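The structure under discussion appears below in the form of structure tokens.
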Amino acid sequence: MSLPSKIKKFLSQNNFTLVHLETVESTMKEIKKYIGSKNICMIADQQTEGIGRRGNEWISPKGNIYLSFLLKYNLLIEDHFMFSAFTANSITEFLNRYISENINIKWPNDININGNKIAGIMTEIVEQNNIKYIIIGVGINISTSPKITNYQTCCLKDYTTNIKYENVLLDMVESYFVEYEMIINKKYNQIFNKFKKKMMHLGSKINILLPNGDIQNVLLKNLNYNGSLLVEKDGEEENIFSARIINDIN
């Protein structure tokens, strides 16, 4: 893949340095080598050991988007969810440039089209020399999507064939920085409300898989500002910080 110079120029104008690699194990791992004074955007043509949520493999052949951003962590811990939220918002805005399908966010960090997963997000806070950094990883199916039993996926080419990878990548990066501007300007409520508007299952009964393996059927009442779910079970409310919604098996 040949990255046009305008991507590098655009990133530079937004105070980010571009690192483009043909193959990496994972951009989330590789970008840690660049921790320092600069903001980094790392783009890989393919990943050999892509990481999904809870350490699951993210299948990463050429033709899709794999990138990570590295920047200093400058939010209060209670605002941490804003990084995942604005990134999810940027992906939905990017996809809306190409298709008019029903694009939703599946809590906490999947992007679905008509119930099929097209993208995923990861965030990780790391510390070096008493300075905290955040790494934001994004994977988006553009040309292909993995075929997994009981796990419905899709890619952008399922909905439109009139795409060129380099243009799609630039559109994604531009969408990201439009939403990132809200972080800079501390428009956290706007970020939160935009995420919530696109969120699936609000107000519905859902099945959630807890980290201990238990499955519970609960009413999803609301999304809390910190990114946790407010659910109700047997008439009692509870906040869920870590779980997976399994209504649609994904």
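The values are calculated or read from the model by the stated rules, or taken from the named source; none is laboratory data. Here the structure is a predicted model, which means the values were calculated and not measured. Cβ: placed from backbone, ideal geometry, glycine included. Neighbour counts: every protein chain shown.
A compact table of results
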| quantity | calculated |
| --- | --- |
| Among the residues listed as LYS117, LYS132, LYS147, the single one being in the same structural domain as TYR176 (by TED's automatic domain parsing), farther than 20 Å from SER84 by Cβ and in contact with a strand residue (DSSP E or B) (Cβ under 8 Å, 6 or more places away or on another chain) | LYS147 |
| Top-ranked residue in segment 102-128 [being in contact with a His (Cβ under 9 Å, 6 or more places away or on another chain) and of a type in the set (Val, Ile, Thr); ranked as farthest from TYR225 (Cα to Cα)] | ILE125 |
| Criterion (surrounded by 12 or more Cβ atoms within 10 Å (Cβ to Cβ) and in contact with an Asp or Glu (Cβ under 7 Å, 6 or more places away or on another chain)) met by exactly one of LEU229, LEU219 | LEU219 |
| Condition check for LYS132: surrounded by fewer than 20 Cβ atoms within 10 Å (Cβ to Cβ) and either under 23 Å from SER26 (Cα atoms) or modelled with pLDDT under 90 (or both) | yes |
| Breaking point among (1) surrounded by fewer than 15 Cβ atoms within 10 Å (Cβ to Cβ); (2) β-branched (Val, Ile, Thr); (3) more than 30 Å from LEU18 (Cα to Cα), for ILE206 | (1) |
| Scope segment 206-243; condition under 20 Å from PHE192 (Cα atoms), in a strand (DSSP E or B) and touching a residue at least 40 places away in the same chain (Cβ under 8 Å); matching residues | LEU223, LEU229 |
| Failed item, numbered, when LYS186 is tested on (1) without any contact (Cβ under 8 Å) to a residue 40 or more places away in the chain; (2) closer than 22 Å to LYS32 by Cβ; (3) surrounded by fewer than 15 Cβ atoms within 10 Å (Cβ to Cβ) | (2) |
